[in-house]
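The values are calculated or read from the model by the stated rules, or taken from the named source; none is laboratory data. Just so it is clear, the structure is predicted and the values come from calculations on it, not from any experiment. All Cβ positions, glycine included, derive from the backbone under ideal geometry; neighbour counts span all protein chains shown.
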Amino acid sequence: MEHDPILGPFALSSEIERLAPGDGASGRRAATLVKADGLRVVLVTMRRGAVLAEHTAPGPITIQALRGSFLVTVGAVERSLPAGELISVGAQVPHAVRAVEDGAFLLTIGWPHGQAGEPAAVTAP
């Protein structure tokens, strides 16, 4: 059987509604939409005040706010990331995300081919 080279499409509004964070302590949920060699695209939803603690990723990432507003801390610099904006962070650079209001973002993670394991950014506490 031939492998389909197209991954998706995804109705992001529907995926955001389906993935709304529950009443759990973390206040966030994540689902991997695309899992391909060297690439992950993860939809993350967060309640206001929820935090994705400082961590690093094995390769470069982008964070694209779809709904709501976030604060992204990269090293000692904190940047506002409202819906419709995107930020890029280099490989192995410490970063954290805090939801200023309920929202969702797409996290795109790339890393060198042949590196085993899931990206740390997806599994950080």
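Comparison of Arg67, Arg40 shows that the only residue that is surrounded by 15 or more Cβ atoms within 10 Å (Cβ to Cβ), under 14 Å from the mean Cα position of the chain (by Cα) and at pLDDT below 95 is Arg40.
Quick grid of which residues meet (1) touching an Asp or Glu at 6+ places or on another chain (Cβ under 6 Å); (2) within 22 Å of Ala20 (Cβ to Cβ):
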position: Arg48; (1), (2): yes, yes
position: Glu54; (1), (2): no, no
position: Ile61; (1), (2): no, no
position: Gln64; (1), (2): no, yes
position: Gly68; (1), (2): yes, yes
position: Ser80; (1), (2): no, no
position: Ile87; (1), (2): no, no
position: His95; (1), (2): no, no
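Cβ separations smaller than 9 Å between residues 6+ apart or across chains give the following pairs from region 69-86 residues that are touching a residue at least 12 places away in the same chain (Cβ under 8 Å) and at positive phi to residues that are part of a strand (DSSP E or B) and not basic (Lys, Arg): Gly75/His95; Gly84/Gln64; Gly84/Ala65; Gly84/Leu66. One residue alone among Glu85, Glu15 is surrounded by fewer than 17 Cβ atoms within 10 Å (Cβ to Cβ), at pLDDT 95 or above and of a type in the set (Asp, Glu), and that residue is Glu85. Within the bounds of region 44-59, is there any residue that is among the small types (Gly, Ala, Ser), touching a Leu at 6+ places or on another chain (Cβ under 8 Å) and either at pLDDT 90 or above or more than 25 Å from Ser88 (Cβ to Cβ) (or both)? No, every residue in region 44-59 fails to be among the small types (Gly, Ala, Ser), touching a Leu at 6+ places or on another chain (Cβ under 8 Å) and either at pLDDT 90 or above or more than 25 Å from Ser88 (Cβ to Cβ) (or both). For region 29-56, the set of residues classified as in a strand (DSSP E or B), of a type in the set (D, E, K, R) and farther than 18 Å from Pro9 by Cα consists of Arg29, Glu54, listed by residue number. Checking each residue of region 89-103 against the condition of being surrounded by fewer than 19 Cβ atoms within 10 Å (Cβ to Cβ), among the basic types (Lys, Arg) and at pLDDT below 95 gives no match.
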